[in-house]
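Reading through the structure tokens given below for one structure.
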Amino acid sequence: MEFYELHPENPQMRYINKAVEVLKNGGVIIYPTDTVYGIGCDIFNKQALDRVFAIKQDAGTKLLSFVCPDLKDIAKYAKVSDYAYKTMKHLLPGPYTFILPAAREVPKKLWSKRQTVGIRIPNHTIALTLARELGNPIISTSVTNRKGEVMYDPQEMKSIFNMQVDLMLSCGNLQGEPSSIVDLSNETPEIIREGSGDVSYFL
């Protein structure tokens, strides 16, 4: 695994570019978000997706969402009602995962049984720059150990995932909770998980 330390607000672009190159070549990376570290790959690379699923299977969880750089092209990846768009515009970028009806362009492997997908626009320069520079959304699934517990220490992740992941971008220990998950696929929002994001907007 290649391992690089980045400044969280002014990340060194040479390291971002290395990560983007890995993603374009079908690699898997670990990167920081505004909540916890995520395992990621290009959502349109089937081989890389299979690798991420294999890693998450080891941890006993399969919850996968993906990072988009902004709301501009969101309709490519999900069917967005006026209410959902207005809600996301108000709360994003931020520590939320929004569940929306999947658009055809998204690989079926990422669809839930209800044909929905989870979308993230985290308030974190590194994550957003990665997705913007790649030009495709990036898988966002929390880095967890075999017990399914969220990991916070980059050095511990480096030792555990050294043979499974191609590159890691580190910006030190992250102590956040995973994102709040809100289902906007129906007319009434449903809070699936209360995490870092304030859900009082929906109460």
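Quick look at the numbers
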| item | result |
| --- | --- |
| Qualifying residues in region 17-47 (those that are touching an Asp or Glu at 6+ places or on another chain (Cβ under 6 Å) and either of a type in the set (Gly, Ala, Ser) or not in a loop (DSSP other than H, G, I, E, B) (or both)) - the one farthest from residue 161 (Cα to Cα) | 20 |
| Odd one out for residue 196 among (1) within 15 Å of the chain's Cα centre (by Cα); (2) in a loop (DSSP other than H, G, I, E, B); (3) within 19 Å of residue 40 (Cα to Cα) | (3) |
| Verdict on residue 181 being under 21 Å from residue 49 (Cα atoms) and in contact (Cβ under 8 Å) with a residue 12 or more places away in the chain | no |
| Matching residues in region 129-139 - criterion: being part of a helix (DSSP H, G or I) and either among the β-branched types (Val, Ile, Thr) or farther than 19 Å from residue 6 by Cα (or both) | 129 |
| Residue 126 being part of a strand (DSSP E or B) and within 16 Å of the chain's Cα centre (by Cα) | no |
| Single residue of region 117-159 satisfying the filter (without any contact (Cβ under 8 Å) to a residue 60 or more places away in the chain and crowded, with 19+ Cβ neighbours inside 10 Å) that is farthest from residue 17 (Cα to Cα) | 117 |
| Which listed residue, of 188, 141, is under 16 Å from the mean Cα position of the chain (by Cα), modelled with pLDDT under 95 and of a type in the set (Ser, Thr, Tyr) | 141 |
| Scan of region 140-178 for residues that are assigned to a strand (DSSP E or B) and hydroxyl-bearing (Ser, Thr, Tyr), ordered by number | 140, 141, 142, 144, 170 |
| Residue 200 being hydroxyl-bearing (Ser, Thr, Tyr) and either exposed (fewer than 15 other Cβ atoms within 10 Å of the Cβ) or closer than 27 Å to residue 73 by Cα (or both) | yes |
| Count - residues of region 151-184 that are hydroxyl-bearing (Ser, Thr, Tyr) and more than 19 Å from the chain's Cα centre (by Cα) | 1 |
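Yes or no, residue by residue, for (1) polar (S, T, N, Q); (2) under 25 Å from residue 17 (Cα atoms); (3) touching a His at 6+ places or on another chain (Cβ under 7 Å); (4) exposed (fewer than 14 other Cβ atoms within 10 Å of the Cβ):
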{"site": "64", "(1), (2), (3), (4)": "no, yes, no, no"}
{"site": "84", "(1), (2), (3), (4)": "no, no, no, no"}
{"site": "99", "(1), (2), (3), (4)": "no, no, no, no"}
{"site": "103", "(1), (2), (3), (4)": "no, no, no, no"}
{"site": "115", "(1), (2), (3), (4)": "yes, no, no, yes"}
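The values are calculated or read from the model by the stated rules, or taken from the named source; none is laboratory data. None of the values given here were measured: they were computed from a predicted structure. Every residue, glycine among them, receives a Cβ derived from its backbone with ideal geometry; neighbour counts consider all protein chains shown.
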